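The values are calculated or read from the model by the stated rules, or taken from the named source; none is laboratory data. All of these numbers come straight from a predicted model, not from anything done at the bench. Heads up, the Cβs are rebuilt from the backbone with ideal geometry, glycines too, and the neighbour counts pull from every protein chain shown. All accessible areas refer to the heavy atoms of the entire protein, side chains included, with ligands and DNA or RNA removed. Shrake-Rupley method; radii C 1.70, N 1.55, O 1.52, S 1.80 Å.
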Amino acid sequence: MSEHEFDPEGTFTDESSIFGLPKDMESKLSILPTAWEVTTSFRRGTLFGPEALFNATKQMDLFHPYWRKSYEKGISWDVDFLEKTKLMNSEATPYALNVINSLETGGEVNQQDIEKVNMASDNFNEYVYNTSKLILENDKNKRIGLVGGDHSCPYGLIKALSEKYDGDFSIIHLDAHFDLRDSYQGFRHSHASIMKNVLDLKTAPKIYQMGLRDFSASEFNLASEKTTFLLDQEFHKLKIEGKSFRNILDDFFKNLSEKIYISFDIDGLAPEFCPNTGTPVPGGLAYSEAVYLTHYLHERGHELIGFDLVEVSPDCDKEDLGLDEIIGSRLLYELSCFALS
Ligand SMILES: [Mn+2]
């Protein structure tokens, strides 16, 4: 199907790409589907997130009441990237499972297994970094959105962006967790360490965190020193006492950089919007608040230079579409349109 005969109101076919767009369309947004969940410690399944999200976009209408026809700038879905990360994941996962099983049963952890996982994570990060860098070098106006997989996935993308912009942007990190652990279960690039690893970058961006409701004292202390954050409990208290969502955002994002990157862990939402995610926690943002947030940031004139959407996990026992991917695919569309606007 060529761009000329593409009908945005037509039906999704085998020839369609993400959101039903044509595969051969010129694109200003490259989506990197990432099947990696090696260090996942609780419920696995986010490995299947990218494909579930892709399938859920088949039933969506392209025209958007807020973003209108931003999709016309083109969105691509990198199938080769998906296959490559899937392979890397399957090679490294057995070593991580050995470690996690030993920890859970009180057995002795094999240090070589930990080292193998750490090396595999380094290789994986390098692959994401090199791919991102190449895309950004080939077309200076191109945006990248990464779809996970677990929350360790976007490290290479954030690193590439931190170099391109010399750290002059803010990350908006939506998550139930700070993800500021030094390492977790011995894994340096654990899903629970992503923001700690970002803080350690040479040209680290500023970090704004929201949704937080399950964390350790040391993460809280590190955040108090290094990031700007709004605890979920505090957020809900303000709302219950009558402060509007908009006023809360105005205060929280007072000094936000013009350029932003959104790192969206789906568990930042209330668990009813992501029932199968790895580590659901009561509380969190409503779906409509997350959507409003993207429109709010756009209206304030912020430029979305990249994003990730991670930890979306389909219900693997179900054949048809589940809530996790239906909601995740809508968020992916909001983020994609924002990146193109
Ligand atoms: Mn996370």
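Conditions tested, residue by residue: (1) assigned to a helix (DSSP H, G or I); (2) over 14 Å from the mean Cα position of the chain (by Cα); (3) without any contact (Cβ under 8 Å) to a residue 12 or more places away in the chain.
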site: GLU234; (1), (2), (3): yes, yes, yes
site: LYS254; (1), (2), (3): no, yes, yes
site: LEU293; (1), (2), (3): yes, yes, no
site: GLU325; (1), (2), (3): yes, no, no
site: ARG330; (1), (2), (3): yes, no, no
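Taking only pairs six or more apart or across chains, which ones have beta-carbon atoms under 7 Å, a first residue in the range 198-222 that is farther than 18 Å from PHE264 by Cβ and without any contact (Cβ under 8 Å) to a residue 60 or more places away in the chain, and a second residue that is surrounded by fewer than 22 Cβ atoms within 10 Å (Cβ to Cβ) and among the charged types (D, E, K, R)? Final answer for the pair search is LEU199/LYS226; THR203/GLU163; THR203/ASP166. Only residues that are away from the ligand (no atom under 12 Å from the Cβ), small (Gly, Ala, Ser) and modelled with pLDDT of 95 or more were counted in the range 170-223, giving 6.
Scanning the range 257-282 for residues that are more than 12 Å from the ligand (Cβ to nearest atom) and closer than 20 Å to LEU157 by Cβ, we see that the one that is nearest to the chain's Cα centre (by Cα) is ILE262.
Only one entry of SER30, SER70 meets the criterion of being farther than 23 Å from GLY149 by Cα, buried (at least 16 other Cβ atoms within 10 Å of the Cβ), of a type in the set (Gly, Ala, Ser) and in contact (Cβ under 8 Å) with a residue 24 or more places away in the chain, and that entry is SER70. Condition check for LYS140 on (1) within 16 Å of the ligand (Cβ to nearest atom); (2) under 22 Å from GLU258 (Cα atoms): one failure, at (1). Considering LEU238, LEU146, LEU161, the condition of being surrounded by fewer than 22 Cβ atoms within 10 Å (Cβ to Cβ), more than 23 Å from VAL99 (Cα to Cα) and away from the ligand (no atom under 12 Å from the Cβ) is satisfied by LEU238 alone. Checking each residue in the range 113-136 for being without any contact (Cβ under 8 Å) to a residue 24 or more places away in the chain and either in contact with a helix residue (DSSP H, G or I) (Cβ under 8 Å, 6 or more places away or on another chain) or within 21 Å of ASP78 (Cβ to Cβ) (or both) picks out ASP113, LEU134. Taking the listed residues VAL117, VAL128, VAL109, the one that is over 26 Å from the mean Cα position of the chain (by Cα) and of a type in the set (Val, Ile, Thr) is VAL109, with no other qualifying. Residue count for the range 305-317 under the criterion of being under 16 Å from PHE54 (Cβ atoms), open to solvent by 10 Å² or more (accessible area, probe 1.4 Å) and either free of Cβ contacts under 8 Å to residues at least 40 places away in the same chain or touching a strand residue (DSSP E or B) at 6+ places or on another chain (Cβ under 6 Å) (or both): the result is 0. Candidates TYR333, TYR292, TYR296: the one that is modelled with pLDDT of 95 or more, in contact with a strand residue (DSSP E or B) (Cβ under 8 Å, 6 or more places away or on another chain) and buried (at least 16 other Cβ atoms within 10 Å of the Cβ) is TYR333.
Looking for something open to solvent by less than 50 Å² (accessible area, probe 1.4 Å), outside any helix (DSSP H, G or I), touching a strand residue (DSSP E or B) at 6+ places or on another chain (Cβ under 8 Å) and not polar (S, T, N, Q) - is there at least one such residue anywhere in the range 104-124? Taking every residue of the range 104-124 in turn, none turns out to be open to solvent by less than 50 Å² (accessible area, probe 1.4 Å), outside any helix (DSSP H, G or I), touching a strand residue (DSSP E or B) at 6+ places or on another chain (Cβ under 8 Å) and not polar (S, T, N, Q). Would you be able to say whether some residue in the range 155-170 is assigned to a helix (DSSP H, G or I), touching a strand residue (DSSP E or B) at 6+ places or on another chain (Cβ under 9 Å) and within 20 Å of PHE42 (Cβ to Cβ)? No. Among the residues of the range 56-81, those that are assigned to a helix (DSSP H, G or I) and either at pLDDT below 95 or over 29 Å from ASN138 (Cα atoms) (or both) comprise ALA56, LYS58, GLN59.
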